[in-house]
Structures are given as C-alpha cells and as structure tokens.
Amino acid sequence: MIISRRRLLVAGSTAFAGGLVGAPFVARAQQAEFTYKYANNLPAAHPMNVRAQEMAAAIKAETNGRVEIQIFPSSQLGSDTDTLSQVRSGGVEFFTLSGLILSTLVPAASINGVGFAFPDYASVWKAMDGDLGAYVRQQIAKANLVAMDKIWDNGFRQTTSSTKPIATPDDLKGFKIRVPVSPLWTSMYKAFEASPTSINFNEVYTALQTKVVDGQENPLAIVSTAKLFEVQKNLSMTNHMWDGFWFLANRRAWERLPEDVRAVVAKHINAAAMKEREDVAKLNAGLQQGLAAKGMAVNQPDAAPFRDKLRKAGFYAEWKGKYGDEAWAILEKSVGSLA
C-alpha cells in the first residue's frame, strides 16, 4: 500500500508537470474550440489531480481537440470562497468544492457532513449516488451552477492536534481548531464546546505552524499530501464527518458546449470521479500507518459518546430544522434515525 501511494504521488507530480509543459505545443498545433479552466484546492499529487489529468486528456482525445481543460491545483486561482465567486461569474468554468463549503451558497449542500451521520462508505455511496445526492444537485442547480452526477471522495475526516489526542468529547472543550468556512462545522464544534476558527485551506499549514490554532480536521489524504504531519503531533481517528467534492460547472459555460460534447465531458468527469474514489480508498488504507511512521501518535476514539453529546446539545434537532423535513428524511433513509 505504501508502494501504491508512492506511485500515486509520483504520477500526480509527473502528470501535472507534463500538462504544463505540453500545453503551449498543443495550442500551436490545434487551437481548441473551448478552453476551460478547472480549479481545485488540492495538491497536484492528490488522486483528484492525477485522475483529472487523465480526464482532461480523454476529453481532448474524444472531442478531437475541441475541448481543452486546463487544471489549476493547490488554490492557484484563489481561495475556496474566491474561486466559488469566479465560477459563478464565469471567470473559472469548472471547480471542485466540498459541499460543506458550498453550503455558504447552497445550504442543503452540507447535509452529507452532518456529524457522525455515516457509519461507513456503504451508507455514503447509497446516499450520495441515490436520492440524497439527487436532492442536493437539484438545490445546486437553483444557484445557477451545474453539478456532475458523481461526487468525488474526500474521505472521512479525522482530527489532528499539536497539543493532545482527542479521545472523548471533553478533550474538545476550549480546543482551538481550524474549520472550513462553513456554518455546519462551526455549529458542531460549538456543540462540543470547542473554539472553532474558520480559515481557508490555503492558510491552514501556516495557522498550525504559528499556533493560531492547535488543531484541524481533514481526511488522511490531505493530512499527508499537505504535509500537516510536520506541524501536528496527534492523529485521532474520529471519522466525524464524511466529505466529498462536487464537480461544479458555470451554467453558461456548460450550456455553450454542444449537447453531444457535454455528454462526452460529463462521461469522463464522472468516470474520473469513480476512479478517484478507488484511489482514495487505497490511499487511506496505508496512510494511517504511514503517518504514524512520520511521527504522529494515532488513537482510535469511540464515536458513540461524541454522537450522544451532539444529540444532547440539540445539534441534530437544530440542523433538521435548517435542512427541512424533506431533506432530513432522505438522509435518515440512508443512515437511520439521528434524533
């Protein structure tokens, strides 16, 4: 699994470098009819960008060069909130964004991140490839954005700390933790009596290094590829939220593509999402051991006390009210009763 991870990282770096080097030559040889920018906030080595490079190449080949997708990883075009504004205005055509952050624009998009809702991946894909995902895409469409059918995997989120392991809900009391710019995270950590601070991802490493915050929470692939182990000592496998990335398109840019071309582009984007899901699962299988080898102390908290704390604090009742009975019923159809 360590070999697999290394191959992924090398492939990501090589593919990204190759994409940059080859772009000017391709442009001279055959001018694309549609040149679209795709932005994301993850390192070039992350499986998302490895598969995106393959996706862009496949789209270019099947459209006979009509569609060229330029990939900008690592928040090169701006922070999450900046890039969301750009994709809405049309300055950027494609963007992958966590539904939990997208919720600042589309409130229903964060429902997959309800704390301790999903016990495993089977329940995640049952919901997100089924009725819950369809419901969220309908809400995204109302914001004049197009969401592709398959959500990309960001993984279950874990908690890291420079001060102490997080073993029980009491360990979160007064804990200074970085959270994304999203009301759901802030609400959940306030229910745990922590001190959440909203910081865009491109500023997280520095915030941890300078002790602006003591900890953060992210899937293992991001902890590894963003090298957060360099500034965090403890890794608590809390599995507190599942997070994914919606592949978003500016509606005007999407509708400019002829219908047959849209079908090709969507096909390859969704196929890449399915491959990325497999990559993240394989990567996560070896990452816990790999991060321990890099010096992180790993602990495995019991989820039940955390869920009980949220229930008693009124967290689930509050968010059922915010999402509405229809959305909550669709969520509970996949994961069972949360109240």
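The values are calculated or read from the model by the stated rules, or taken from the named source; none is laboratory data. Fair warning: this is a prediction, and the values are worked out from it, not measured in the lab. Counting neighbours? That spans all protein chains shown, and the Cβs are built from the backbone with ideal geometry, glycine included.
Does T186 satisfy the condition of being in contact with a Pro (Cβ under 6 Å, 6 or more places away or on another chain) and buried (at least 18 other Cβ atoms within 10 Å of the Cβ)?
no
Checking the condition modelled with pLDDT under 95, assigned to a helix (DSSP H, G or I) and of a type in the set (V, I, T), which residue from V261, V265, V280 passes?
Exactly one of V261, V265, V280 is modelled with pLDDT under 95, assigned to a helix (DSSP H, G or I) and of a type in the set (V, I, T), namely V280.
For the range 299-339, give me each residue that is of a type in the set (A, V, I, L, M) and either without any contact (Cβ under 8 Å) to a residue 60 or more places away in the chain or in a helix (DSSP H, G or I) (or both).
A303, A304, L310, A317, A327, A329, I330, L331, V335, A339
Which of the numbered conditions does P73 fail, given that it passes all the others? Conditions: (1) touching a residue at least 40 places away in the same chain (Cβ under 8 Å); (2) closer than 17 Å to F201 by Cβ; (3) out of contact with any His (no Cβ under 9 Å at 6 or more places or on another chain).
Checking P73 against (1) touching a residue at least 40 places away in the same chain (Cβ under 8 Å); (2) closer than 17 Å to F201 by Cβ; (3) out of contact with any His (no Cβ under 9 Å at 6 or more places or on another chain), the one that fails is (3).
So, I177, is that one in the same structural domain as A317 (by TED's automatic domain parsing), assigned to a helix (DSSP H, G or I), touching a residue at least 12 places away in the same chain (Cβ under 8 Å) and β-branched (V, I, T) or not?
Criteria not met by I177.
I'd like to check something: does the range 223-230 contain any residue that is outside the structural domain of K37 (by TED's automatic domain parsing), not charged (D, E, K, R) and not in a helix (DSSP H, G or I)?
Yes, the range 223-230 contains at least one residue that is outside the structural domain of K37 (by TED's automatic domain parsing), not charged (D, E, K, R) and not in a helix (DSSP H, G or I).
For W152, which of the numbered conditions (1) crowded, with 22+ Cβ neighbours inside 10 Å; (2) closer than 22 Å to P73 by Cβ; (3) more than 16 Å from the chain's Cα centre (by Cα); (4) not acidic (D, E) fails to hold?
If we test W152 against (1) crowded, with 22+ Cβ neighbours inside 10 Å; (2) closer than 22 Å to P73 by Cβ; (3) more than 16 Å from the chain's Cα centre (by Cα); (4) not acidic (D, E), just (3) comes out false.
Identify, by number, the condition in (1) touching a Phe, Trp or Tyr at 6+ places or on another chain (Cβ under 7 Å); (2) surrounded by fewer than 16 Cβ atoms within 10 Å (Cβ to Cβ) that M274 doesn't meet.
Evaluating M274 over (1) touching a Phe, Trp or Tyr at 6+ places or on another chain (Cβ under 7 Å); (2) surrounded by fewer than 16 Cβ atoms within 10 Å (Cβ to Cβ) leaves (1) as the failure.
Just to be sure, is E68 surrounded by fewer than 18 Cβ atoms within 10 Å (Cβ to Cβ), among the charged types (D, E, K, R) and within 20 Å of R262 (Cβ to Cβ)?
Answer is no for this residue.
When you go through A127, A147 one by one, which is the residue that is small (G, A, S), in contact (Cβ under 8 Å) with a residue 40 or more places away in the chain and more than 26 Å from Y189 (Cα to Cα)?
That would be A147, the only listed residue that is small (G, A, S), in contact (Cβ under 8 Å) with a residue 40 or more places away in the chain and more than 26 Å from Y189 (Cα to Cα).
How many of the residues making up the range 77-109 are among the hydroxyl-bearing types (S, T, Y), at pLDDT 95 or above and within 16 Å of the chain's Cα centre (by Cα)?
The total comes to 2.
So V204 ticks every box in (1) under 18 Å from the mean Cα position of the chain (by Cα); (2) touching a residue at least 40 places away in the same chain (Cβ under 8 Å) but one. Which box is left unticked?
For V204, the exception is condition (2).
Of the residues that sit in the range 283-339 and are among the hydroxyl-bearing types (S, T, Y) and surrounded by 15 or more Cβ atoms within 10 Å (Cβ to Cβ), which one is modelled with the lowest pLDDT?
S334
With the requirement that a residue be under 18 Å from the mean Cα position of the chain (by Cα) and under 23 Å from P305 (Cβ atoms), what does the range 207-243 give you?
Once the filter is applied, which keeps residues that are under 18 Å from the mean Cα position of the chain (by Cα) and under 23 Å from P305 (Cβ atoms), the range 207-243 yields Q216, E217, N218, P219, L220, M237, T238, N239, H240, M241, W242, D243.
Among the residues of the range 259-307, write down those that are among the hydrophobic types (A, V, I, L, M, F, W, C), out of contact with any Gly (no Cβ under 8 Å at 6 or more places or on another chain) and within 26 Å of G115 (Cβ to Cβ).
If the condition is that a residue be among the hydrophobic types (A, V, I, L, M, F, W, C), out of contact with any Gly (no Cβ under 8 Å at 6 or more places or on another chain) and within 26 Å of G115 (Cβ to Cβ), then A273, A281, L283, A285, L287, L291, A292, M296, A297, V298, A303, A304 are the ones that fit.
Working only within the range 77-134, note down all residues that are touching a Pro at 6+ places or on another chain (Cβ under 9 Å) and either closer than 15 Å to L331 by Cβ or outside any strand (DSSP E or B) (or both).
Within the range 77-134, D80, L100, I101, S103, T104, P107, S110 meet the criteria.
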